[in-house]
Amino acid sequence: RQYFMDGFYPTGNKLRRNGFTPSAALVKAVILNSGRPMLGRDSSSLSPSAPYDEVQGFGLISLVDGVYLEGRTKGRLLVWDNVKLKNGEEWEETLTLNNCPAVTTSVTLVYMDKENASGNCAECLINRLNLTVQKGSQIFYPNGKLGPDTKNNAQRIRIPQDDVPITVKVGATNLATNSQKFALVVFGCVDAGTSSPTKSAPPSLSPTRTVTPSNLPSLSPTVTCEDDPKFKKGQKKRTCRFIRKRNKQKRINKWCNMQKRGIPVTSWCCKTCIKCTTCFNTSCAHIKRRYPSNGNGEYTLGKTVNGVTKEFKVWCHDMDSDPKEY
C-alpha cells in the first residue's frame, strides 16, 4: 500500500505526484503475484510441495519479485485497479514483452466476491470472474489448472519469459450482482508506459466487444497512455521518438516540461514522459491525459510563475468527464 501511496508506481522512483490509494484487492494481487515456488515443508523430513498445493499455495512472498524499483528489480510492473465488469462482459489487454532479466511473466487477478450465506458449498463463488492468458495459439489458465478456476477469487498465471506478446482476458460469468470490480497486476518484461497506473478503460456494454486503446491524447477515460505519432515541435520538428532517443533522462525532463499550443508535451508524449522525473501535473485535465483511469481524489499540482515552480494540493472532481480543480 505504501509503495503506491508514496508514488513509486510506475517509474520505480518515489514521486509524490504519482501516489494513489490502492484497493485491498490490488494490494493482495501484488502480494500473491510475488510468490516464489518452494521446495516443500521441512518437518522431520522434507515433504515435497508444488505451487498451488495445500502446503505453499501461491508460494513465498517476495516483493522484489512483485513491485518495480528502478535498478533493483528484474522486471517491471503494470497494474489495473477497480475495473468493473457486468455479467457476460470481457476485459482484454494485449501486452508487448521486451528483454529484461526476469525469467517469467506473472499475471494475478483478485476480486472481493459477494458474501455467500451457505456454509457447506463445494463451489462458493457468488460472482465468478475467469482469468486467461493467450500467447500465440496457447491459452493458459490460472492456479495450475487446465481450465477455468471456479473456486477461487484469487487467480495467478505464470509463464516463461520471451518476446511473444500476450493477451490477458478477464471474463464475467454468472454474476449475482449488477457488476463486479477487480484488480489485476502483471510483473515481468513489460513496458511501464503501456497502460494506465490504476484501472483500465471501462468495458463495452456489449459482451462481445473488448476495450481498444487509442493512440491520441484525450480526456476520454477509454484512452490509455500512448505517444501521439503526429506530434512535432519546433523548427526541427522534434517528435516523441526523438525525446526518448537513447533514454536520456536530461532530454526527457527538458522536453516533457515544455508545452505546445498551451498543452503540456506530457499530454502528447504520454508514454515517453511518464519517465520524466521533474514534470509536474499542471491541472486535473493534465492528470487525466497522463493517467486516463485515475478517479476523483486529492492530487498535487505544480504551477510555474516567473521561473519559480510551486506545488499545491487540489481535489480533482468529474475525472470521468470534465475534470475540475477544487
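Among residues that are under 28 Å from Gln2 (Cα atoms) and either open to solvent by 80 Å² or more (accessible area, probe 1.4 Å) or not β-branched (Val, Ile, Thr) (or both), Tyr141 is not included. Val27 falls short on exactly one of the conditions (1) in contact (Cβ under 8 Å) with a residue 60 or more places away in the chain; (2) open to solvent by 30 Å² or more (accessible area, probe 1.4 Å), and that condition is (1). Among the residues of segment 224-249, those that are within 26 Å of Ser293 (Cα to Cα), of a type in the set (A, V, I, L, M, F, W, C) and not in a loop (DSSP other than H, G, I, E, B) comprise Cys240, Ile243. If you go through segment 64-74 one residue at a time, how many are open to solvent by 40 Å² or more (accessible area, probe 1.4 Å), among the β-branched types (Val, Ile, Thr) and either assigned to a loop (DSSP other than H, G, I, E, B) or more than 19 Å from Gly12 (Cα to Cα) (or both)? Within segment 64-74, residues that are open to solvent by 40 Å² or more (accessible area, probe 1.4 Å), among the β-branched types (Val, Ile, Thr) and either assigned to a loop (DSSP other than H, G, I, E, B) or more than 19 Å from Gly12 (Cα to Cα) (or both) number 0. On the stretch given as segment 119-138, residues that are closer than 19 Å to Gly57 by Cβ and either open to solvent by 50 Å² or more (accessible area, probe 1.4 Å) or part of a loop (DSSP other than H, G, I, E, B) (or both) total 3. Checked against the criterion of being touching a helix residue (DSSP H, G or I) at 6+ places or on another chain (Cβ under 6 Å), surrounded by 14 or more Cβ atoms within 10 Å (Cβ to Cβ) and either assigned to a helix (DSSP H, G or I) or free of Cβ contacts under 8 Å to residues at least 24 places away in the same chain (or both), the candidates Thr278, Thr266, Thr282, Thr300 yield just one match: Thr266.
Take segment 60-74 and flag every residue that is over 24 Å from Asp163 (Cβ atoms) and not aliphatic (A, V, I, L, M). Ser62 - this is the single residue of segment 60-74 that is over 24 Å from Asp163 (Cβ atoms) and not aliphatic (A, V, I, L, M).
All conditions but one from (1) in a helix (DSSP H, G or I); (2) among the aromatic types (Phe, Trp, Tyr); (3) surrounded by fewer than 20 Cβ atoms within 10 Å (Cβ to Cβ) apply to Trp255; the one that does not is (3).
With respect to being of a type outside the set (A, V, I, L, M) and over 30 Å from Asn281 (Cα atoms), Glu70 falls outside the description. The single condition among (1) modelled with pLDDT under 95; (2) buried (at least 18 other Cβ atoms within 10 Å of the Cβ) that Gln155 does not satisfy is (1). Each residue in segment 6-51 was checked for being part of a strand (DSSP E or B), modelled with pLDDT under 90 and not hydrophobic (A, V, I, L, M, F, W, C), and 5 of them qualify. Filtering Asp322, Asp318 for residues that are open to solvent by 60 Å² or more (accessible area, probe 1.4 Å) and either at positive phi or under 24 Å from the mean Cα position of the chain (by Cα) (or both) leaves a single hit, Asp322.
Condition check ((1) without any contact (Cβ under 8 Å) to a residue 12 or more places away in the chain; (2) of a type in the set (A, V, I, L, M, F, W, C); (3) within 25 Å of Gly35 (Cα to Cα)) across all residues:
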| position | (1), (2), (3) |
| --- | --- |
| Arg76 | no, no, yes |
| Trp80 | no, yes, yes |
| Lys84 | no, no, no |
| Val103 | no, yes, yes |
| Asn120 | yes, no, no |
| Thr132 | no, no, yes |
| Ile139 | yes, yes, yes |
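Within segment 234-252, residues that are open to solvent by less than 100 Å² (accessible area, probe 1.4 Å) reach partners that are charged (D, E, K, R) with beta carbons closer than 7 Å, at six or more positions or on different chains, in the pairs Arg238/Lys232; Thr239/Lys232; Cys240/Asp227; Cys240/Asp228; Ile243/Arg251; Ile252/Arg244; Ile252/Lys275.
The values are calculated or read from the model by the stated rules, or taken from the named source; none is laboratory data. From a predicted model like this one, the values you see are computed outputs, not experimental measurements. With ideal geometry, Cβ positions are generated from the backbone for all residues, glycine too; neighbour counts draw on all protein chains shown. These accessible areas exclude ligands, DNA and RNA; they are computed on the full protein's heavy atoms, side chains included. Shrake-Rupley method; radii C 1.70, N 1.55, O 1.52, S 1.80 Å.
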